[in-house]
Amino acid sequence: MIEQKNKLSFNKINETVYASETELTHILLNYLKPEYKKRIQNVEDRATDIVETVRKSIKSDSPIESLLQEYELNTEEGTVLLCLAEALLRIPDKITMDRLLEDKFSSVDWKKHISFDKGLFVNASSWAFFLTGNILDKKETDKTRLEETYKGLLKKSSEPVIRVAVKKAITILAGQFVFKPTMKESMNYTRSEKYRKNLFSFDMLGEGARTMEDAEKYFQDYIDSIHITGKELKNNANIKYGNGVSIKISALHPRYERNKIKDLENELLPKLIALCELAKHYNIQLSIDAEENYRLILSLMLLEKLSSHPSLSGWDGLGLAVQAYQKRAFYVIDWLNELAQKDKRVINVRLVKGAYWDSEIKLAQELGVQNYPVFTRKSLTDLSWMACAVKLFSMQENIFPQFASHNAYSIAFIEEFGKDKVFEFQRIHGMADKIHEYFNRYISDNYQKCRIYAPVGEYNDLLPYLMRRLLENGANTSFVNKINDPKLNIKDIIKDPLEIISQYKDIPNPQIPLPGEIYLPQRKNAKGHDLDNETTRLEMINVFNSFDQELKGNSIVNGKDAVDSFHKVYNPANLDQLLGQVAFAQDTSIDKSLEVASSFFPYWRSIEIQDKIKIINKFAQLLEDNTEQLIKICVLEAGKTIKDSIDD
């Protein structure tokens, strides 16, 4: 069992998962404001210096960054390119790929992105998009049958070339964000002029394992990456300044789920211990990467087990990524500090802003839970990140903070509050190369080197990672996007998050209604249950541990019970457990019910639609009011899982 003596409590973390955004924002503001007010001018001045330095530091932009700047995701053309990047990596057949290219390229105006001030790469790309759209466009009415035939021939002969060219272009785009395809190539790249001053955390591309074979492949990839990192890179005796690897726990087991915790202890935990032991052998860091919100407690449970394992004693390379957009982040940091104190170790905490925001919002809406587990505004995530950073600085004895950001204001904030602290900055390869130059030029004693988060992998593994980077790089609110826009002045780029928040009429984003209200005013969303939430799990345990009176079920015809004889119903998993009795409908009852329904239909047809809606809504409300009891009946009588019972 993963349960152990002296295990830490998750109560405060669990209480916060669906907390009021307004209440939590006030808690964070009250924590941060007193000291922040004294230093805000220093932060703003430093942020201004950073932007000015960064804009002057490089003579020419990366052509890929220029292209992403031109085709922002809030434009129709940017959306088309993102759709293509997302879809072309997983479309298996040529016909579907050709139809997608035809639809997307001919649907928007590419010519407006061509001008003298755009640069050669952007103009050439825009011309290529424009010509491709014209070749593939079959919506325009051609003047003559000859022109139509010629265009059809050109289209047919060009499609294979365009298909290959576009797929190659997406591969080039991916190359902006993927360090190298293999660890061997990555080692050579670390010695390049660009990266010779940096530390690295290597991440083997690939999301969650779908089979045990997948899990074994990723496990071997992680082993190989640790060996290569430990053997081929110069690693400092002080592990704070050593290189490392990042692992995604969901890549090591196809059922990385809270309800599979016993299986995970037997099948997954030994692999995690083995990887940590290997990292300890080479005196390098191993960071557990961020997962979706519903896996947070599970990750913390396994981290606690790793932290207390005897073979890992004395090794301060264990780390975890904390996502500040999660409402629980502020209290997760307290838990991590308590864990480090308990086990007398240092834990490396990579503070990031978050990578799965859109998925978290959609999942909460699908579940119909009472609130969102993440903040609904970017400025609130920035506030959370800043408050978490200050808290991390107060835990220097047991926490080594690693701040991942490409935002000048966030960097300036850390430099101001971390003047007498020990920490490091981290940057994702391919994101904000101008900031990279700044980090390398202004290293100091308390952050000796910037660590590069370096994704390593082949073309087929990069889809989810590429999407997250494109979304982050292309979002029109992104600092990475703004700093490359010469039309924006510095004040537009380095806005104070607390000042932005002070201008809100309502703290939650009004454009994102609560999960239960997304269909209003038409109807309420169905109430759901988050079975990965610890509070919900406890509620379900209590439901199944409660004693129920024997149930009886029978038909009701015209308001009266229709009973011939009762039959006993037992739990199929425990034939000694009597659940209740049921009276099955007889032919006479069925005939009578049809007769009653037929005679009632003229009256039912005359009832106003609004009154019918009230009846249906009342029935729906009764289902929700009795959900727990109905779930229990489905599980015990039919042998269904709790999730399937909820869906029913």
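Restricting attention to the range 380-409, the residues that are open to solvent by less than 10 Å² (accessible area, probe 1.4 Å) and either among the hydroxyl-bearing types (Ser, Thr, Tyr) or in contact with a His (Cβ under 6 Å, 6 or more places away or on another chain) (or both) total 3.
Restricting the search to the range 610-645, which residues are among the aliphatic types (A, V, I, L, M) and either open to solvent by 50 Å² or more (accessible area, probe 1.4 Å) or not in a helix (DSSP H, G or I) (or both)? Matches in the range 610-645: 613, 615, 616, 622, 623, 630, 633, 638, 642.
The test for being of a type in the set (Lys, Arg) and closer than 15 Å to residue 571 by Cβ does not hold for residue 612. Whenever a residue of the range 583-601 is part of a helix (DSSP H, G or I), its partners that are open to solvent by less than 90 Å² (accessible area, probe 1.4 Å), lying with C-beta atoms within less than 6 angstrom and at least six residues away or across chains, give the pairs 589/555; 589/557; 589/562; 592/557; 593/557. Of the residues making up the range 221-249, those that are at pLDDT below 95 and either over 30 Å from residue 424 (Cβ atoms) or polar (S, T, N, Q) (or both) are 235, 236, 238.
Residue count for the range 223-243, restricted to those that are free of Cβ contacts under 8 Å to residues at least 60 places away in the same chain, within 23 Å of residue 196 (Cα to Cα) and outside any loop (DSSP other than H, G, I, E, B): 7. Would you mind stating whether residue 359 is small (Gly, Ala, Ser) and at pLDDT 95 or above? When the stated conditions are applied, residue 359 does not pass them.
Residues that are over 26 Å from residue 195 (Cβ atoms), modelled with pLDDT of 95 or more and of a type in the set (Lys, Arg) occur at least once in the range 384-407. One residue stands out in the range 425-440 among those that are among the charged types (D, E, K, R) and under 25 Å from residue 379 (Cβ atoms): the one that is most open to solvent (accessible area, probe 1.4 Å), namely 434.
Pull up the range 543-564, narrow it to residues that are over 22 Å from residue 625 (Cβ atoms) and assigned to a strand (DSSP E or B), then point me to the one that is nearest to the chain's Cα centre (by Cα). Restricting to residues being over 22 Å from residue 625 (Cβ atoms) and assigned to a strand (DSSP E or B), the top hit is 555. Among the residues making up the range 10-25, those that are part of a helix (DSSP H, G or I), touching a residue at least 40 places away in the same chain (Cβ under 8 Å) and closer than 17 Å to residue 388 by Cα are 12, 13, 16, 21, 24, 25. For residue 334, the conditions (1) assigned to a helix (DSSP H, G or I); (2) at pLDDT 95 or above; (3) buried (at least 19 other Cβ atoms within 10 Å of the Cβ); (4) not small (Gly, Ala, Ser) are fulfilled apart from (3).
Scanning the range 183-207 for residues that are polar (S, T, N, Q), in a loop (DSSP other than H, G, I, E, B) and surrounded by 19 or more Cβ atoms within 10 Å (Cβ to Cβ) turns up just one, 198. The residue of the range 565-589 that is nearest to the chain's Cα centre (by Cα), among those that are open to solvent by 80 Å² or more (accessible area, probe 1.4 Å) and of a type in the set (A, V, I, L, M, F, W, C), is 573.
The values are calculated or read from the model by the stated rules, or taken from the named source; none is laboratory data. What you are looking at is a predicted structure, and each value in this text was computed from that prediction instead of being measured. When we count neighbours, we look across all protein chains shown, and the Cβ atoms used for this are built from the backbone with ideal geometry, even at glycine. Accessible surface is based on the protein model in full, side chains and every heavy atom, while ligands, DNA and RNA are left aside. Shrake-Rupley method; radii C 1.70, N 1.55, O 1.52, S 1.80 Å.
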